[in-house]
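The values are calculated or read from the model by the stated rules, or taken from the named source; none is laboratory data. Just so it is clear, the model here is predicted, and its values are computed rather than measured. Positions of Cβ are backbone-derived with ideal geometry, glycine not excepted, and every protein chain shown enters the neighbour counts.
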Amino acid sequence: MTDVIATSATSATATGAADPSAAAATLKAAADHLLGLQDGAGWWKGELETNVTMDAEDLLLRQFLGIRTAEETAAAGDWIRSQQRADGTWANFHDGPADLSTTIEAYAALRMAGDAKDASHMVAARAFIMESGGIEESRVFTRVWLALFGEWQWSDLPVMPPELIYLPKWFPLNVYDWACWARQTVVPLTIVNALRPVRPLGFDLRELKTGRKTKARRGFFSTLDRALHVYERRPLRSVRDAALRRSAEWIIARQEADGSWGGIQPPWVYSLIALNLLGYGADHPVMRKGIEGLEGFIIRDERGRRLEACQSPVWDTVLAMTALRDADLPEDHPALVKAADWVLGEEITNPGDWSVRRPKVAPGGWAFEFDNDGYPDTDDTAEVLLALNRVAHPGAAAAIRRGADWLEGMASKDGGYGAFDADNTRTLALKLPFCDFGAVIDPPTADVTAHTLEAYAALGRGQSQPSRRALEWLVKAQESDGSWFGRWGANYVYGTGAAVPALVAAGMDPEDETIRRAVRWLEEHQNDDGGWGEDMRSYKDRRWIGRGESTASQTAWALLALLAAGEQRSAAAEHGVRFLVRTQRSDGTWDEDHYTGTGFPGDFYLNYHLYRLVFPISALGRYVRALS
């Protein structure tokens with residue numbers, strides 16, 4: 001840690017009581033810093049950091065469309081180069097293990113930027129790639145990018161035919177069986193897969209190939225894939241052409257106001273490629289809007305040029321509102337009222353893909369991004385309701401009611417909540433050879449269900465049937481060790497930090513054994529420095545569960561659970577508070593290089609730059625209030 005604030009608490013011993021006055025001073029400094037970050041329009045947005053595949057694929061997209069410039073390439077190359085580790089590799093999160101596909105894509109991007117094959121950093125990257133099996137062992141999505149430029153054979157990729165668009169909603173593997181982020185990616189990829197383009201890259205990557213065959217998969221879905229390969233050689237032309245047209249119409253209908261698709265990178269880039277293959281030039285209004293929209297996701301600063309995979313203004317704003325109320329900012333404070341104004345303007349009042357499974361449910365949710373009107377999500381909506389409910393705004397009541405009604409309608413059959421769809425639980429897609437990277441379905445999860453339950457309790461709906469069923473679901477989802485899995489944050493610390501406050505808010509006695517088991521788990525996983533941390537590897541390797549370098553956000557999650565359980569004077573809570581006080585920077589925020597947000601468990605991770613501020617404010621605010 002650098003630039004750490006000096007307070008009277010820094011001299012506290014590991015076993016001594018936390019200093020409430022130091023906690024209050026830390027809280028004030030953090031809240032002041034957060035207030036200073038608010039945009040003039042009322043919102044907050046921190047950077048959403050991912051990995052260099054975003055930047056490599058941005059260059060590959062521009063190369064494919066013929067719009068790549070030397071200036072963009074050089075700036076992106078500088079950023080990609082700066083993220084390479086000493087061993088020549090790139091990872092998917094800070095201090096994570098080297099990732100083969102990410103390293104291959106970064107290597108290809110640097111070749112585009114003019115880096116010589118025999119440069120020392122390229123030699124080191126290539127050595128890792130070849131030791132790890134070369135391009136042949138990379139994930140399907142990486143090989144799709146390479147196939148676009150003739151560096152992989154389309155015939156050696158799994159087939160996803162565009163006729164998929166014709167499958168009825170009740171039939172397995174129809175587009176609505178996929179999670180919203182996956183369906184918006186799969187539909188354009190079926191077009192790309194059918195047309196199988198090859199465009200010039202300007203160089204080849206034969207130095208990354210071992211010459212070995214990829215391992216053949218066996219089973220029903222591999223047999224199906226072989227059958228689809230046969231069909232691809234002689235598709236029914238009239239059916240294929242109609243499927244391509246319908247798929248294009250489906251894609252265009254889902255373009256957002258900012259030019260994106262779903263406000264996220266994967267469907268965005270593949271939609272542009274697919275439409276371009278169907279004759280939409282870079283100057284077509286849909287294409288031009290999509291390409292220009294990417295500019296709003298590019299960050300240029302002293303760290304370099306990089307592309308955000310997504311942006312999180314609604315999420316960041318409502319978490320900031322909640323944090324400031326926890327810091328005792330008055331409910332009618334101008335900053336909060338202005339934020340509420342903006343949030344109310346972001347309510348989604350039109351149906352979207354979620355309506356396919358819930359056609360009788362009236363709209364009323366919120367999305368994650370500035371523009372994603374087709375895909376409100378339950379997690380954002382729950383946090384919006386929690387935030388609006390604590391601000392004095394004359395226009396909030398009606399929106400809160402619509403949002404709560406929409407949430408109740410989005411419950412899955414088992415009582416739990418997925419993020420974007422109800423009952424998006426069919427697992428057949430997971431077995432396809434095509435799906436070797438990322439979550440492609442959206443089943444109920446503990447963190448989302450907990451946030452929804454907490455919102456019901458805050459709004460006086462704690463005794464409703466959806467609330468009671470959500471509580472039952474959450475209790476059943478508790479792990480045998482007392483923790484909860486975290487789908488959208490790392491990981492069991494996040495899930496537990498969400499579940500305990502929700503259960504207590506919904507009326508569970510803090511002395512209930514469900515809560516006591518969670519408290520014991522948190523106490524057992526506290527680091528010696530007083531903080532909590534959980535490495536992203538916990539999604540694949542159980543040895544990392546609850547283990548990792550302490551971070552401000554994860555420490556705050558644990559404290560939120562302990563405080564809800566009435567543990568504000570416990571040794572664990574006081575030690576955690578001391579950690580936050582001791583590690584605060586002089587500007588009021590915290591350093592946090594480690595990623596604590598999750599995109600796809602086991603594959604894709606996020607560093608929300610505002611997490612290190614909003615969650616500690618909430619935790620410290622509730623701690624100070626509990627003691628006073």
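Here are the numbers:
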quantity	calculated
Some residue of the stretch 284-294 being touching a Pro at 6+ places or on another chain (Cβ under 8 Å) and modelled with pLDDT of 95 or more	no
Scan of the stretch 616-628 for residues that are among the β-branched types (Val, Ile, Thr) and buried (at least 24 other Cβ atoms within 10 Å of the Cβ), ordered by number	Ile617
Count of residues meeting criterion [crowded, with 17+ Cβ neighbours inside 10 Å and either assigned to a loop (DSSP other than H, G, I, E, B) or touching a strand residue (DSSP E or B) at 6+ places or on another chain (Cβ under 6 Å) (or both)] in the stretch 516-534	8
Some residue of the stretch 518-526 being under 14 Å from Arg547 (Cα atoms), outside the structural domain of Arg582 (by TED's automatic domain parsing) and in contact with a Ser or Thr (Cβ under 6 Å, 6 or more places away or on another chain)	no
Residues of the stretch 57-98 satisfying the condition of being without any contact (Cβ under 8 Å) to a residue 40 or more places away in the chain and either outside the structural domain of Ile273 (by TED's automatic domain parsing) or in a loop (DSSP other than H, G, I, E, B) (or both)	Thr69, Gln83, Arg85, Ala86, Thr89, Trp90
Search result, residues across the stretch 177-229 that are assigned to a helix (DSSP H, G or I), surrounded by fewer than 20 Cβ atoms within 10 Å (Cβ to Cβ) and modelled with pLDDT of 90 or more	Leu195, Arg206, Glu207
Residues within the stretch 416-452 that are assigned to a loop (DSSP other than H, G, I, E, B) and either of a type outside the set (Phe, Trp, Tyr) or on the phi > 0 side of the Ramachandran plot (or both), tallied	20
Residues that are surrounded by fewer than 20 Cβ atoms within 10 Å (Cβ to Cβ), farther than 30 Å from Gly279 by Cβ and hydroxyl-bearing (Ser, Thr, Tyr), drawn from the stretch 62-93	Ser82
Unmet criterion (only one of (1) outside any loop (DSSP other than H, G, I, E, B); (2) of a type in the set (S, T, N, Q); (3) surrounded by 15 or more Cβ atoms within 10 Å (Cβ to Cβ)) for Ser155	(3)
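Here's the yes/no breakdown for (1) outside any loop (DSSP other than H, G, I, E, B); (2) surrounded by fewer than 24 Cβ atoms within 10 Å (Cβ to Cβ); (3) within 21 Å of the chain's Cα centre (by Cα):
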residue	(1), (2), (3)
Thr555	yes, no, yes
Leu580	yes, no, no
Asp587	no, yes, no
Asp591	no, yes, yes
Gly599	yes, yes, yes
Gly602	no, yes, yes
Asn607	yes, yes, yes
Val614	yes, no, yes
